[in-house]
Amino acid sequence: MSGPNARLLQGLQQLGVHGEQLPRNCLSQRCSAYCNFGCRSGHKQSSDVTWLVDAVRLGAHVLTGVEAQRVLLGPAGSTESGSDAQVHPRSQQAAGVLALSAARITPGAATASLQQLQLTVHAPLVVASCGSIHTPALLLRSGITGGGNVGRHLRLHPAAGVISFFEPTAEQTAAGQGAVEMYQGVSMGVFSHAAAGWQEGGYGAMVSVPAAHPGLLAAICPDSSPGALKQMMLHLRNGAGCVVFARDSGSGSVSIDGVGWPVISYWPD
């Protein structure tokens, strides 16, 4: 168990409240703590080492560096084949995707020029899986509104981070170690639902341990001055962080601007 997870679990136990190790879909308990940059060991059972591998083995093609621009629509057909076939209640259905490749420099070109390729994929089945922000944007760019429901009811479980600093022991100091080594080991290995408020409707909070790469923390941690931020970073290996995920009772919305980019309207409630 990593230092921050151990510190959180110890504190929860001393308070006499719920705290336990979080089940992880991973082949190993050892972790570089850089999961948010990708698992370099391949032990994390993410889609790139599981479902996508199976799909490629069965003949699927995976295109990377490509962004879906809109869903292509065609006349609605039947929902089933055979004698039980029924006419689809809508006049149109998804028939493919229009996509655009990421800009890239043409190899061997006399002058550097960025080129993008437009791709058209025709398919009898289209799955929109772009996250809670870009999925509604894709559908809205495609003229799919769902009767005004596409883009509504956005929920983001707002979160806040807390960092505590500890004094290293004499043994840790002699060995050149920090009190916690905040940025090493498994992230999100311990959690607590003591403040979840299940009995009061479930609009409470869950506490866990975030990924704590120094570069990320330096970018998101506010401080009074560059000197104060530098001092915090110098003592980071003595720190333990936790993140508080709140369940929002309200909701926001996603719309698109004039060029099709998502526009978020959200305030925590």
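I want the local charge near PHE166. Using Cβ-Cβ distances under 12 Å, sum +1 for each Lys or Arg and -1 for each Asp or Glu among the other residues. Residues close to PHE166 contribute a combined charge of 0. Would you please state the base-10 log of I(q)/I(0) at q = 0.13, 0.15 1/Å for region 117-196, with intensities from the Debye formula using one equal scatterer on every alpha carbon? Log10 I(q)/I(0), no solvent term: -0.73, -0.81. Taking only alpha carbon atoms, region 221-262 gives an Rg to Rh ratio of 1.27, where Rh is the Kirkwood radius.
With distances taken between every two different alpha-carbon atoms, the chain has a Kirkwood hydrodynamic radius of 23.1 Å. Comparing ILE133, ILE256, ILE220 in a Gaussian network model of the chain, where Cα atoms under 10 Å apart are tied by springs, the biggest mean-square fluctuation is seen for ILE220. Between the beta carbons of SER47 and VAL162, assuming R0 = 41 Å, the FRET efficiency works out to 0.85 to the nearest 0.05. Amide H to amide H, with H built 1.01 Å from N, GLY197 comes under 5 Å of ALA205, counting only residues 5 or more places away or on other chains. Each residue, ASN25 and ALA60, gets one label point 7 Å from its Cα in the Cβ direction; the gap between the two is 1.3 nm. Centre-to-centre separation between the Cα atoms of region 1-52 and those of region 134-170: 21 Å. With R₀ set to 41 Å, the beta-carbon distance separating THR173 from ARG40 gives a calculated FRET efficiency near 0.85. In terms of its C-alpha gyration tensor, region 192-269 has an oblate overall shape, because the principal axis ratio a/c (a ≥ b ≥ c, square roots of the eigenvalues) is not below 1.5 and a/b does not outweigh b/c.
Bear in mind these aren't lab numbers, they're just calculated from the coordinates by the rules spelled out. Since the model is a prediction, treat every value here as computed from it, not as a measurement. All Cβ positions, glycine included, derive from the backbone under ideal geometry; neighbour counts span all protein chains shown.
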